[in-house]
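All remarks here apply to the structure that follows.
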Amino acid sequence: MIKLRKLIILICVFFSLVNYCYSKIELKIIMKIDNEIITSLDIEKEINYLAALNPKLNQINRDELLLIAKKSTIKEFIKKKEIQKYKKLDLQNPQINDVLNNLIKNLNLSTEKQLKDYIKNFNLSVEDLKKKIEIENEWKSLIYSRYIKSVKIDKDELIKKIEISSKEKFVEEYNLSEIVFTKKNDITLDELFAAIQESIQINGFENTANIYSISSSSKVGGKIGWVRKDSLSNQVILKLKDLKNSDYSSPIQINNNFFVFKINEIRKIKVEIDKEKALDKMIIIETSKQLEKFSNIFYNKIKLNSKISEF
């Protein structure tokens, strides 16, 4: 009897805390993905998570924010379900802490304690972040195991680029952000790009990446970081060569996707090339690009087999 009474008290305390944190949110079912119910609390938590990664999201209207959170929730759920066919998610992968440390740097923080204090403002915990990181990590591992044999790298072309760069005293680096999208049959590329441009003008590039981009970088406002000019394709270099800081490119078609790149900053660094290390790095970058393409294809395939109902 005493144990039952304690259990009832704990349940009451739990729900009172939930009600305190989300007192302004009406609890209702938003959607159903296969047999899983997604509530307004789940969507609100996703909004908080995305806003923690990209604080500029708070500048866009509530309807857009809800659409972004729904899209993100669907994507995470479908990925998680597919991963769990092969692996248990138990937060034991040591890579989780590596990604967490990178996140701390990207948010201009120094320690995990600072991160904890920062995300507390969004009603999130470090464990919440670790769970999300784990899903993304395991999804990448799944894509790697399925598609690595399909990745094609032209080493001779990469070596040629390294040889050209090694003759220069300085090389340019771009700090880039991206929006990656696919064209739908019911809209022309010009119409879709015009909609993206309008969104950039109203919401900013970072928020537009959250709205339109299918890349995993969308969660952090499309940020890629510093990329050496010689690691980019000639097609991309041609589009970027006349752009200045804060400019963005017109769409660049790479396979079935279209890329819009924004230059956040340009700098020149002294060329000190270890040709072997440079080749390894370029192979990693090119492999990642191709795996990202396979990731989107595979995700869209399994999404078609998922039953998604909105209420």
* Asked: Can you put Phe170, Phe294, Phe205 in order, fewest other beta carbons within 10 Å first?
  -> Phe170, Phe294, Phe205
* For segment 29-90 and segment 111-127, distance of Cα centres in Å -> 19 Å
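So for segment 168-297, averaging the separation of alpha carbon pairs under 8 Å that are six or more residues apart and normalising by length, what relative contact order in percent results?
Details: 185 pairs, mean separation 46.5, N = 130.
This gives 36 percent for segment 168-297.
About its Cα centre, how strong a charge dipole does segment 266-311 have in debye, to the nearest 20, once Lys and Arg get +1 and Asp and Glu get -1 at the Cβ? Show your work: numbers first, answer last.
On the way: 11 positive and 7 negative charges, 32 e Å.
Rounded to the nearest 20 debye, it is 160 debye.
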* Using Cα atoms only, what is the angle between the long axis of helix 62-83 and the major principal axis of the chain, expressed in degrees (0 to 90) to the nearest 10? -> 90 degrees
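Note down the relative contact order for the chain as a percent, whole number, built from C-alpha pairs under 8 angstrom at least six residues apart.
That works out to 23 percent.
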* Structure fact -> For Thr39, the residues 5 or more places away or on another chain with a placed amide H closer than 5 Å to its own amide H are Ile30
* Structure fact -> Put in order of increasing Cβ neighbours within 10 Å, starting from the fewest, Thr208, Thr188, Thr39 give Thr188, Thr39, Thr208
* Low-density loop cleavage sites - chymotrypsin sites (Phe, Trp or Tyr not before Pro) in segment 64-159, where at most 15 other Cβ are within 10 Å (DSSP) -> Tyr86
* To do: Distance between Cα centroids, segment 274-311 to segment 159-225: provide it in whole Å.
  => 15 Å
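Quote the charge dipole size of the chain about the Cα centre in Debye, to the nearest 20; the model charges only the Cβ of Lys and Arg (+1) and of Asp and Glu (-1). Intermediate results must be reported in sequence, preceding the final value.
Details: 55 positive and 43 negative charges, 169 e Å.
Charge dipole of the chain: 820 debye, to the nearest 20.
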* **Charge dipole of segment 131-215 about the Cα centre (unit charges at C-beta), most positive-ward option of Tyr147, Phe205, Ala195** => Tyr147
* **Where Rh is the Kirkwood radius over Cα pairs, Rg/Rh for segment 244-285** => 1.10
* **segment 31-184: relative contact order in percent, alpha carbon pairs under 8 Å with at least 6 residues between** => 23 percent
* Qualifying trypsin sites (Lys or Arg not before Pro) in segment 36-119, DSSP loop, other Cβ atoms within 10 Å at most 14 -> Lys85, Lys87, Lys88
* Structure fact -> Expressed to two decimals, segment 168-297 has a Cα Rg over Rh, using the Kirkwood radius, of 0.98
* Asked: What does the chain give for Rg and for Dmax, in Å, if only its C-alpha atoms count?
  -> 21.8, 81
* Structure fact -> Magnitude of the Cβ-charge dipole (Lys and Arg +1, Asp and Glu -1) of segment 136-295 about the Cα centre, nearest 20 debye, reported as 360 debye
* For the chain, find the longest principal axis of its Cα atoms and tell me its angle to the long axis of helix 2-21, 0 to 90°, nearest 10. => 50 degrees
* Structure fact -> Residue-normalised 222 nm signal for the chain, counting each DSSP H run of n ≥ 4 as -39,500 (n - 2.57), nearest 500 deg cm²/dmol, is -18000 deg cm²/dmol
* For Ser246, Ser218, Ser231, order by how many other beta-carbon atoms lie within 10 Å, fewest first -> Ser246, Ser231, Ser218
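None of the figures in this text is laboratory data; all of them are computed from the coordinates on show. If you're wondering where the values come from, they're calculated on a predicted model, not measured in any experiment. All Cβ positions, glycine included, derive from the backbone under ideal geometry; neighbour counts span all protein chains shown.
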